[in-house]
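The values are calculated or read from the model by the stated rules, or taken from the named source; none is laboratory data. Computed from a prediction, not measured in an experiment: that's the story for all the values here. Every residue, glycine among them, receives a Cβ derived from its backbone with ideal geometry; neighbour counts consider all protein chains shown.
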Amino acid sequence: MRLLLVEDDTMIGEVVLDLLRAEHYAVDWVKDGEMADTALLQNQNYDLVLLDLGLPRKDGLEVLRSMRARKDRTPVLVATARDSVAQRIAGLDAGADDYVLKPYDLDELLARLRALLRRAAGRAEPIFEYRNITINPVTREIMVDGTQVSLSAREWAVLEALVARPGAVLSRAQLEEKLYSWRDEVSSNAVEVYIHGLRKKLGSDLIQNVRGVGYMVPKA
Amino acid sequence: MKMTHSLRGRLLWFLLAAITIAAVAQATIAYRTALHDADQIFDYHMQQMALSLRSSTPLSNDEARARQEAESAGGNDDMVVQMWSPDGAQMFHSVSRARLPQRAVLGFSNVRANSTTYRVFSIQTSNQTVQVAQDLAVRRNMAGNLALRTLGPIAVMMPILMLVVWWVVSGSLQPVARVRSQVASRQADDLSPVSDTGLPDEVRPLVQELNLLFGRVRTAFEAQQNFVADAAHELRTPLAALRLQAQSLDRADTPEARQVAVSRLTAGIDRATRLVEQLLILARQEATAAEGTAAKTRPVDLADLARRTAADLAGVAAAKGVDLGLQQADPASVDGQPDALQILLRNLVDNAVKYTPGGGTVDISVLSGAGTVAVQVEDSGPGIPPDERERVFDRFYRVAGSEAAGSGLGLAIIKAIAERHGAVLTLGSSERLGGLMATVTFKTPVQTAA
């Protein structure tokens with residue numbers, strides 16, 4: 001899952017960045033509104049934007065409005081200190097999917113992120129089930145025939161991206177984008193390696209190869 | 001009468017009073033003129049009658065009565081005629097209840113008898129005395145009737161005039177009523193200007209002043225709202241950072257991660273502390289300014305202050321690789337509060353160092369001129385765009401894109417202190433260093449008696 005963090009405060013930014021990376025999200029961090037615009041235009045593949053409103057150069061609300069104006073449907077979680085009801089309404093009406101007030105709790109932020117990602121994937125139920133496999137994105141528990149299977153962080157990242165949108169085919173390049181943020185080095189066959197590892201642990205049914213296109217998880 | 005404050009009511013009352021006074025005056029003048037005319041006419045009439053009765057031979061009673069009746073035919077003039085023979089015997093007196101005293105004042109005279117006043121004309125011939133008299137009440141009645149008749153048109157005109165005035169005044173006041181209802185029906189926070197179209201010239205300046213006031217209140221209101229919004233953001237952000245830093249410390253599972261988290265938390269606490277300190281300084285400065293009490297001032301040596309500030313901040317500047325120095329130090333002294341001026345200069349220099357990238361220069365100058373003393377801080381930083389130079393004084397305002405983490409209160413504090421010392425803070429561009437040039441200019445009182 002690849003996130004764009006838009007936060008002008010260095011102290012908040014570095015903590016949230018580390019936290020999200022520890023949760024195995026691939027995160028890019030920009031510190032002003034214009035950089036946010038640039039990042040969003042360059043990479044159409046963000047799964048979620050965590051947006052502060054009081055930004056230098058271009059206000060967060062403007063970033064949000066221009067996103068929605070060009071039909072960018074990426075979920076946006078607004079995290080701001082602007083707390084009046086009118087400001088919250090303005091944020092949601094400008095196209096935000098959710099609104100958290102600073103100071104917020106890390107666990108709550110993560111839960112809201114998961115909820116938004118789930119809803120963006122068109123699912124309401126938090127647990128994905130396919131035949132003999134259940135996947136819980138919150139606890140990262142994966143059960144195959146009732147026994148727990150443990151995955152590496154990268155394997156989990158690939159699986160999470162695929163499970164987020166069952167039935168949708170993701171190309172290798174798209175999966176790489178979900179896995180790595182700007183700072184990471186990408187090895188050429190990394191995705192194949194992780195897919196191979198996942199198939200060994202979960203069986204070959206779950207992740208299907210669409211030759212010449214990419215990979216998908218079938219709809220439950 | 002209760003004094004009315006209604007423009008319309010007052011106009012109507014004054015109009016009524018004016019018309020009444022005019023009517024009374026007119027009636028009085030008409031009465032007097034009529035009385036005067038009547039006097040002349042009746043006097044002439046009496047004279048003519050007397051002369052016609054004066055014949056060379058004494059008339060018999062019947063003749064005299066016939067003559068008198070002929071004279072006064074057609075008018076009930078209440079003429080009384082008496083005639084005496086030279087020996088004093090009454091030869092004739094007309095049919096009248098009035099009996100005049102026998103007097104022989106020749107010509108015209110006023111005689112009081114029988115509780116009325118008579119106008120009497122007497123004429124004497126060799127064989128008789130003729131006296132013609134008339135009750136003055138007749139003349140007064142006639143004059144009174146004439147005067148009353150002149151009041152008639154006024155009595156008719158008065159209600160019409162009042163109606164017209166009522167109508168004109170109501171029409172003219174219509175726009176005023178409209179403005180009133182516009183103002184009355186608006187929300188408490190609606191400070192948009194009221195339309196002044198159609199207003200009478202006498203009222204328009206009032207509404208225009210009202211609109212100007214609305215404008216000023218709106219500006220103040222917006223500044224306040226901006227401040228509240230900015231304050232919410234600026235006070236919450238350090239707290240949000242602290243909370244996140246504490247939580248990340250809680251999650252750190254390796255000694256290295258814990259160390260990073262602790263140093264971040266410490267930095268967060270330092271920032272929150274600095275913010276609180278700056279807020280307190282600003283609040284104290286503004287409170288002192290609001291009290292208006294002339295706090296104890298004493299001469300402060302600005303050059304010495306600049307030297308001390310440069311020394312204080314040399315460490316910070318060196319750590320950042322900024323060359324901080326005293327460019328010029330004219331001997332200059334102002335009356336002021338040493339602590340406040342220290343804070344002012346410290347904030348100015350601190351800002352300059354903060355916003356100047358490593359390798360840059362910050363220069364402090366104390367300049368003494370005619371009647372003014374100035375402290376100038378120049379830097380080689382990015383400066384402030386001219387269109388933002390007003391806003392930077394707002395509390396919590398920070399120039400977009402500035403990298404440095406400040407409280408956003410520094411310039412507000414500097415301005416508060418400068419204003420309290422009657423000094424002016426101006427921001428410009430430094431030609432020498434290319435960055436911002438902040439100048440605080442103090443007026444030094446002209447020393448009349450040194």
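From the list B:279, B:313, B:324, exactly one residue is in a helix (DSSP H, G or I), over 49 Å from the mean Cα position of the chain (by Cα), surrounded by 14 or more Cβ atoms within 10 Å (Cβ to Cβ) and away from every other protein chain (no Cβ under 14 Å). Which is it?
Numbers: B:279 fails: over 49 Å from the mean Cα position of the chain (by Cα); B:324 fails: in a helix (DSSP H, G or I).
One residue alone meets the criteria, B:313.
When the residues of segment B:217-242 are filtered to those that are aliphatic (A, V, I, L, M) and in contact with a Phe, Trp or Tyr (Cβ under 8 Å, 6 or more places away or on another chain), which remaining residue is nearest to the other protein chains (Cβ to nearest Cβ)? Steps first, please.
Of the residues in segment B:217-242, the ones aliphatic (A, V, I, L, M) are B:217, B:220, B:223, B:228-229, B:231-232, B:235, B:239-242.
After this cut, where a residue has to be in contact with a Phe, Trp or Tyr (Cβ under 8 Å, 6 or more places away or on another chain) as well, the list is B:231, B:240.
Working: B:231: 10, B:240: 4 Å.
Among those that are aliphatic (A, V, I, L, M) and in contact with a Phe, Trp or Tyr (Cβ under 8 Å, 6 or more places away or on another chain), it is B:240.
How many of the residues in segment A:38-71 are out of contact with any strand residue (DSSP E or B) (no Cβ under 9 Å at 6 or more places or on another chain) and more than 14 Å from chain B (Cβ to nearest Cβ)?
If we filter segment A:38-71 for residues that are out of contact with any strand residue (DSSP E or B) (no Cβ under 9 Å at 6 or more places or on another chain), which is where we start, we get A:41-42, A:44, A:56-59, A:62, A:65-66, A:69-71.
Right, trim to more than 14 Å from chain B (Cβ to nearest Cβ) and you get A:41-42, A:44, A:65-66, A:69-71.
So the answer is 8.
Go through segment A:109-133 and give me each residue that's farther than 30 Å from residue B:227 by Cβ and within 11 Å of chain B (Cβ to nearest Cβ).
Of everything in segment A:109-133, just one residue is farther than 30 Å from residue B:227 by Cβ and within 11 Å of chain B (Cβ to nearest Cβ), namely A:110.
How many residues does segment A:41-89 contain that are more than 17 Å from the chain's Cα centre (by Cα) and aromatic (Phe, Trp, Tyr)?
Residues that pass the stated criteria total 0.
For segment B:118-141, which residues satisfy the criterion of being farther than 16 Å from residue B:47 by Cβ and surrounded by fewer than 16 Cβ atoms within 10 Å (Cβ to Cβ)?
Hits for segment B:118-141 are B:126, B:127, B:137, B:140, B:141.
Scan segment B:176-196 residue by residue and report those that are hydroxyl-bearing (Ser, Thr, Tyr) and under 21 Å from residue B:8 (Cα atoms).
First pass over segment B:176-196, keeping only residues hydroxyl-bearing (Ser, Thr, Tyr): B:181, B:185, B:192, B:195.
Across segment B:176-196, the qualifying residue is only B:181.
Testing residue A:15 on (1) crowded, with 19+ Cβ neighbours inside 10 Å; (2) out of contact with any strand residue (DSSP E or B) (no Cβ under 7 Å at 6 or more places or on another chain); (3) under 20 Å from residue A:159 (Cα atoms), one condition comes back false. Which one is that?
(3)
With the condition kept exactly as written, say whether any residue in segment B:59-79 is under 15 Å from residue B:134 (Cα atoms), assigned by TED's automatic domain parsing to the domain that holds residue B:133, at pLDDT 65 or above and not in a loop (DSSP other than H, G, I, E, B).
yes
Are there any strands (runs of 3 or more DSSP E) wholly within segment A:58-154 with 1 or more residues that are modelled with pLDDT of 85 or more, buried (at least 16 other Cβ atoms within 10 Å of the Cβ) and not assigned by TED's automatic domain parsing to the domain that holds residue A:181, and if so which?
Values: elements: A:76-80, A:98-101, A:128-130, A:133-136, A:141-144, A:147-149.
Those strands (runs of 3 or more DSSP E) span A:76-80, A:98-101.
Exactly one of these conditions fails for residue B:134: (1) touching an Asp or Glu at 6+ places or on another chain (Cβ under 8 Å); (2) more than 30 Å from residue B:105 (Cα to Cα). Give me its number.
So residue B:134 meets the others, but not (2).
Would it be correct to say that residue B:207 is in a helix (DSSP H, G or I) and more than 10 Å from every other protein chain (Cβ to nearest Cβ)? Show your work before the answer.
Values: in a helix (DSSP H, G or I): yes; more than 10 Å from every other protein chain (Cβ to nearest Cβ): yes.
For residue B:207, the condition - in a helix (DSSP H, G or I) and more than 10 Å from every other protein chain (Cβ to nearest Cβ) - is met.
Quick one: is residue B:382 farther than 19 Å from residue B:410 by Cβ and assigned to a loop (DSSP other than H, G, I, E, B)?
Details: farther than 19 Å from residue B:410 by Cβ: no; assigned to a loop (DSSP other than H, G, I, E, B): yes.
It is false that residue B:382 is farther than 19 Å from residue B:410 by Cβ and assigned to a loop (DSSP other than H, G, I, E, B).
Any residue in segment B:247-267 that is within 19 Å of residue B:393 (Cβ to Cβ), part of a helix (DSSP H, G or I) and facing chain A (nearest Cβ under 7 Å)?
Kept after step one, since they are within 19 Å of residue B:393 (Cβ to Cβ), are these residues of segment B:247-267: none.
No, because not a single residue in segment B:247-267 is within 19 Å of residue B:393 (Cβ to Cβ), part of a helix (DSSP H, G or I) and facing chain A (nearest Cβ under 7 Å).
Does residue B:197 qualify as being within 14 Å of chain A (Cβ to nearest Cβ) and over 30 Å from residue B:394 (Cβ atoms)?
Details: within 14 Å of chain A (Cβ to nearest Cβ): no; over 30 Å from residue B:394 (Cβ atoms): yes.
Considered against the rule, which asks whether it is within 14 Å of chain A (Cβ to nearest Cβ) and over 30 Å from residue B:394 (Cβ atoms), residue B:197 comes out as no.
Among the residues of segment A:166-188, what is the count of those that are at pLDDT 80 or above and in a loop (DSSP other than H, G, I, E, B)?
Counting residues in segment A:166-188 that are at pLDDT 80 or above and in a loop (DSSP other than H, G, I, E, B) gives 5.
Looking only at segment A:76-108, count every residue that is facing chain B (nearest Cβ under 9 Å), among the hydrophobic types (A, V, I, L, M, F, W, C) and under 22 Å from residue A:1 (Cα atoms) and tell me the total.
Pass one, segment A:76-108, residues facing chain B (nearest Cβ under 9 Å): A:79-84, A:87, A:101-107.
After this cut, where a residue has to be among the hydrophobic types (A, V, I, L, M, F, W, C) as well, the list is A:79, A:81, A:101, A:106.
From what's left, under 22 Å from residue A:1 (Cα atoms): A:79, A:106.
Summing the residues that are facing chain B (nearest Cβ under 9 Å), among the hydrophobic types (A, V, I, L, M, F, W, C) and under 22 Å from residue A:1 (Cα atoms) in segment A:76-108 gives 2.
Would you please name the residue that is modelled with the highest pLDDT, looking only at residues in segment B:187-210 that are among the charged types (D, E, K, R) and exposed (fewer than 13 other Cβ atoms within 10 Å of the Cβ)?
For segment B:187-210, the residue satisfying everything is B:209.
Here is a yes/no grid of residues against (1) within 51 Å of the chain's Cα centre (by Cα); (2) at positive phi; (3) aliphatic (A, V, I, L, M); (4) not in a loop (DSSP other than H, G, I, E, B):
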| residue | (1), (2), (3), (4) |
| --- | --- |
| B:331 | yes, no, no, no |
| B:334 | yes, no, yes, yes |
| B:339 | yes, no, no, yes |
| B:343 | yes, no, yes, yes |
| B:350 | yes, no, no, yes |
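Of everything in segment B:279-298, what is at pLDDT 75 or above and farther than 30 Å from residue B:236 by Cβ? Give them in sequence order. So that I can check it myself, show each step before the final result.
At the first step, the residues of segment B:279-298 found to be at pLDDT 75 or above are B:279-285, B:297-298.
Selection gives B:297, B:298.
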